[in-house]
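Following: one structure in structure tokens, then a few remarks.
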Amino acid sequence: MTIKLGVTLFQIAFVIYLAAAVCYIGHLTARRSTPGKAGRLLLVAGLLVHTASLVVRTIAAGRPPFLNVYEFMLSFTWVLVLLYLALEFAMKNRALGAFNTPLTAIFALAALCMPSAVSPTMPALMSGWRVPHISTALLAYAAFGIAFELAIIYLIQDSAQRKKKSFWSDRLPDLKTADHATYRTIAFGFMMQTLAVTTGAVWAERAWGSYWSWDPKETWALITWLIYAAYLHMRTTQRWRGRKSAVMAIIGFAATLFTLFGVSFLMRGLHSYIQ
Amino acid sequence: MRNNLQEYDGIEETAPEAKEIGLPAALWRTFSSMKTAIVLLPILAAASVAGTIIEQNAPVGAYNPSVYPILKALGLTDFYHSGWYVLLLTLISINLTVCSINRFGIAWRRTFQPRASAKPGQTARMQRSEKLTSPNTVEEAAGKVMAALRAGAYRILREQDGGDAVLYASKGRLGIWGPYLTHLSILVIFAGAILGNRLGFHGRVTIAEGDWTDSYYLEGGGQERDLGFRLALRKFTIEHDNDRNPTGYKSDLQVFEGGNPAAGKVIDVNHPLTYKGISFFQADYGLSGIVIRVTGPDGDTERFSLDVKTQDTPAGKQYFISSDPWKEVRLGGRKLTIFAHDLAPDYIGGERINASDMPLNPAILVMANDRFPEYRGLDAWSKLGWLAVSDSAKYNGFTITLEKAVDYTGLGVARNPGLPAVYSGFGLMLLGVFIAFYVSHKVISVRISSSEGGAAILIGGMSRSDPSALDKDFERLRNALASRAAR
């Protein structure tokens, strides 16, 4: 009964997010600030319902919701919205919402298509390292998702400025802000991912006697980490900021998506618990 | 040459004269360059993809036979230990080391030897710079500026340059060392990994209930090695919930040194036993044998064992009787041949017979024939039914009991002396990354000169990671100078 309740709450949250997405997109083109404000209001409301869904799921499963694709995406979309709201507050710009909210809605829809039964916790997953490992991974990948959106905004702004068009330009954050926000978001994500990979390694040693087995999931997490490390090194030299950085941030997110979903669905290995 | 030019958000270091250089110097310069890192990191990332697409360390049959020889020759079947990959890692280590050595001097100077006497041109070219005026004298203005800087938790150095007061204020100098610590940690992790590979090992061993081992088998080679002590399995249990989902795989292990019990632990996945640096991990399990007891018409008993082989298949574990599944016993002047027709690991009876592939309730379908081998016809065999542990069946004065089902545990055996180094590396890396991004090194350079009507103040600011953080500091300075009080 509680499982169904949790899913229903998530479905409601999804619908609210959809409405919020429409408002945020409207905000980009509207003259008044009403759509933007409505978008924020709806997003916060959706987040509250989403949080309720998370809590109900935790109670139903007897553990934090990390253990199958449905649960993971339920948690991932939650972090995505949370991080976005933090950024909206910090940047005082709602344009990012036009990118993040639709993306969140898409992931939420995908999650709702997944089987929502509670998977029993396998003995291999019964470890104190599980929660730190998965929660830091969630934070990292959500941050990389938002950095991806910011990088897209940067490229749109960059192309708009070259063509001297200002249709989008005044609503989107300026180049410097977009560039800097991408950097700070990736820095946060990078720190979280370092935590995720290291806690994963320590856990692997306790479970299997080896902290690194070059498992596809582990290796792809490392690949993602290396791409963002390259991005961060690019920042130190003036010439590599701007467009080149933005492209790297997008490549990084492609690697992130593959690490998250490509490996689980396309490759075998120790991490294929999510079946 | 731009390679040696350090850009520190506006404060440039001057480059040496361009001149003819030899190969060693050219190599040093390449490896001291950030550009090399920006090139090597994506290459390592791309290379790492190869090992996730090509099956690693799989038996020969897993590969396409026409491609396998090429893959093997190029080292692609064990890619992460191949020459290519090790070369890449080595290049990155060299890059890291050279960059760190090269930049150490600058980092040291920036931390411990601040330069108060920045020329006006340099100050003006900093990340942020502003020109302010004040009706106060140079001395009064300097006092206000210093007070404001102190309020922002800056350490201040003051010098006099002619009639000008020159201030150098800095905070968060720890931030300079963040990248250093991170890079150092990578080298520590590499060292730990190499140490572990050279001096450590991975292996396997299986122990049946009631049995013990004093050796293990190396992974990928299967050589037998001595443990140096005895490890016994007292009991293996699978804990499960009502739906037969396993919740624990428990091996009750006991270590014996020279015949005496030394250490003991009930291990499970994620909770290994470590003794003298060697760790034992719960990895596998199975059924190793069945013991059947037969009591004859006169009360005499005979026992015999059936060996069981456990096999992992995509459909789950499967169990086969691997020894001869029949036994002739002679008791009380009579003979009886017992045949184990079938084996179920988790017997629940009824239509389904078997509930799971876990040995939770092993049972044998027993048949008996007291005229074998003279009479082999199918009708000579009597089906005695399924016997689970402690179940008995009677036939012509004989009692046949399934006395015992013996489980075995499969343990991973490992030793890794590099682990402390690797974990220290992890800790250092986290610390380094945090410091690099969240402890921001900020410098504010101020030159106060006398001008018509008071003082002219030139302020320059640099914030390593967060330029907007300077806004507050500049605002504070502006407010301080605008205030009416002399100090």
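The values are calculated or read from the model by the stated rules, or taken from the named source; none is laboratory data. Values in this document were obtained by computation on a predicted structure and should not be read as measured data. No Cβ is skipped: glycine too gets one built from the backbone with ideal geometry, and neighbour counts run over all protein chains shown. Surface accessibility is based on the protein's heavy atoms, side chains included, excluding ligands, DNA and RNA. Shrake-Rupley method; radii C 1.70, N 1.55, O 1.52, S 1.80 Å.
The table below gives the values:
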| quantity | calculated |
| --- | --- |
| Residue, modelled with the highest pLDDT, within the stretch B:49-64, restricted to residues that are assigned to a helix (DSSP H, G or I) and within 14 Å of another protein chain (Cβ to nearest Cβ) | B:49 |
| Complete set of residues in the stretch B:254-307 that are within 14 Å of another protein chain (Cβ to nearest Cβ), in a strand (DSSP E or B) and among the hydrophobic types (A, V, I, L, M, F, W, C) | B:266, B:267, B:273, B:278, B:280, B:281, B:283 |
| Number of positions in the stretch A:216-246 that are farther than 25 Å from residue A:138 by Cβ and surrounded by 22 or more Cβ atoms within 10 Å (Cβ to Cβ) | 1 |
| Filtered residues of the stretch B:321-372 (kept if open to solvent by 40 Å² or more (accessible area, probe 1.4 Å), more than 22 Å from residue B:293 (Cβ to Cβ) and in contact with a Lys or Arg (Cβ under 8 Å, 6 or more places away or on another chain)) | B:357 |
| Only listed residue being farther than 22 Å from residue A:15 by Cβ, assigned by TED's automatic domain parsing to the domain that holds residue A:39 and surrounded by fewer than 22 Cβ atoms within 10 Å (Cβ to Cβ), chosen from A:90, A:160 | A:90 |
| The stretch A:207-249: number of residues that are assigned to a loop (DSSP other than H, G, I, E, B), in contact (Cβ under 8 Å) with a residue 12 or more places away in the chain and touching a helix residue (DSSP H, G or I) at 6+ places or on another chain (Cβ under 8 Å) | 4 |
| Scan of the stretch A:202-215 for residues that are open to solvent by 20 Å² or more (accessible area, probe 1.4 Å), of a type outside the set (Phe, Trp, Tyr) and under 18 Å from residue A:263 (Cα atoms), ordered by number | A:213 |
| Residues within the stretch B:377-425 that are within 14 Å of chain A (Cβ to nearest Cβ), open to solvent by 50 Å² or more (accessible area, probe 1.4 Å) and either of a type in the set (Gly, Ala, Ser) or in a helix (DSSP H, G or I) (or both), tallied | 3 |
| Only one of B:101, B:92 that is among the hydrophobic types (A, V, I, L, M, F, W, C) and either open to solvent by 30 Å² or more (accessible area, probe 1.4 Å) or without any contact (Cβ under 8 Å) to a residue 24 or more places away in the chain (or both) | B:101 |
| Flag if residue A:249 is of a type in the set (A, V, I, L, M, F, W, C), open to solvent by less than 40 Å² (accessible area, probe 1.4 Å) and more than 7 Å from chain B (Cβ to nearest Cβ) | yes |
| Selection status of residue B:432, touching a His at 6+ places or on another chain (Cβ under 8 Å) and in a helix (DSSP H, G or I) | yes |
| Every residue from the stretch B:160-175 that is assigned to a loop (DSSP other than H, G, I, E, B) and at negative phi | B:163 |
| Of all residues in the stretch B:308-339 being of a type in the set (A, V, I, L, M) and outside any loop (DSSP other than H, G, I, E, B), the one that is farthest from residue B:374 (Cα to Cα) | B:308 |
| Filter result (more than 15 Å from the chain's Cα centre (by Cα) and outside any helix (DSSP H, G or I)) within the stretch A:59-93 | A:62, A:63, A:64, A:65, A:67, A:68, A:92, A:93 |
| Any hit, the stretch A:140-150, residues being within 19 Å of residue A:252 (Cα to Cα), open to solvent by less than 20 Å² (accessible area, probe 1.4 Å), part of a helix (DSSP H, G or I) and acidic (Asp, Glu) | yes |
| Selection from the stretch A:218-239 of residues that are at pLDDT below 90 and more than 7 Å from every other protein chain (Cβ to nearest Cβ) | A:235, A:239 |
| Matching residues in the stretch A:94-131 - criterion: being within 14 Å of chain B (Cβ to nearest Cβ), buried (at least 17 other Cβ atoms within 10 Å of the Cβ) and part of a helix (DSSP H, G or I) | A:123, A:124, A:125, A:130 |
| Lone unmet requirement of (1) open to solvent by less than 40 Å² (accessible area, probe 1.4 Å); (2) more than 9 Å from chain B (Cβ to nearest Cβ) for residue A:190 | (2) |
| The lone exception for residue A:23 - which of (1) open to solvent by 40 Å² or more (accessible area, probe 1.4 Å); (2) over 18 Å from the mean Cα position of the chain (by Cα) it fails | (1) |
| Selection count, the stretch A:195-211, where residues are more than 21 Å from residue B:431 (Cα to Cα) and more than 8 Å from chain B (Cβ to nearest Cβ) | 1 |
